[in-house]
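Engineer: Quick one: this structure, given as structure tokens, is what I'll be asking you about.
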Amino acid sequence: MRCSCCQKELISNLTLRELFFSPSLRCYQCEKLFTRIEQRTTCPGCGRADTAELCQDCRAWQGKLGFVMGNKSLFRYNAGFRQWIEPYKFTGDYRLRGAFATELAQYLREYRKYVICPLPLSTERFEQRGFNQVSSCLDSAGVTYELLLKRKELAPQSEKSREERLKMIQPFELNRPNEKIRNQKVLLVDDVYTTGRTLFHGAEILYRNGAETVKSLTFAR
């Protein structure tokens, strides 16, 4: 049996608790990388931890765009999560895609009536990395999704400051006829919620093309 994250052989004896209650079989070192967010104490707009009220940022988005994102996130974006995402996303270690596949599949059962839509990469970024880091995690979890959007050729978000992200122009266009979107509930999926600007861009174009509801899930916040 191998660790679902680093793929190293799990040579220690597993306890009954680990066998029956651990959502993903990760080795001891990889298990320490991920800190779950308690959903009962998060902002209902962006999923920010440790607050059960709509945060200041979400109130600003609501005033500007007329809606909140309804984002939820699985894990805290901390040093441990960065230790996983940096080799996966920036150096292209594809083996890491299944790190939390079981948790992801379990969580997405709450969205059975939603069309799952991973946020796309630009063609240039996809060719550099060789895979979409979000859809590859969904593949590992056995989740069916639709590529409703495609990305224009713009600079990657990871290279932008917070201020630059907030000022970013619309990076998406439709990748499917709007008949695929009209009256649908859509769940956008991305890796990290930072400012929320990219997710709001995705939601805006979907709403303009007739989506009934758009929410989002990110791996970390």
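The values are calculated or read from the model by the stated rules, or taken from the named source; none is laboratory data. All values reported here derive from a predicted model rather than from experimental measurement. Cβ sites come from the backbone with ideal geometry, for glycine too, and all protein chains shown count toward neighbours. Just so you know, the surface numbers come from the protein's heavy atoms only, side chains and all, with ligands and any DNA or RNA stripped out. Shrake-Rupley method; radii C 1.70, N 1.55, O 1.52, S 1.80 Å.
Engineer: Just checking, how many residues over the stretch 161-214 are within 13 Å of Pro120 (Cα to Cα), open to solvent by less than 10 Å² (accessible area, probe 1.4 Å) and assigned to a loop (DSSP other than H, G, I, E, B)?
Structural biologist: So the answer is 1.
Engineer: Which of (1) open to solvent by 40 Å² or more (accessible area, probe 1.4 Å); (2) in contact (Cβ under 8 Å) with a residue 12 or more places away in the chain; (3) more than 23 Å from Gln133 (Cβ to Cβ) is the odd one out, the single condition Cys55 does not satisfy?
Structural biologist: (1)
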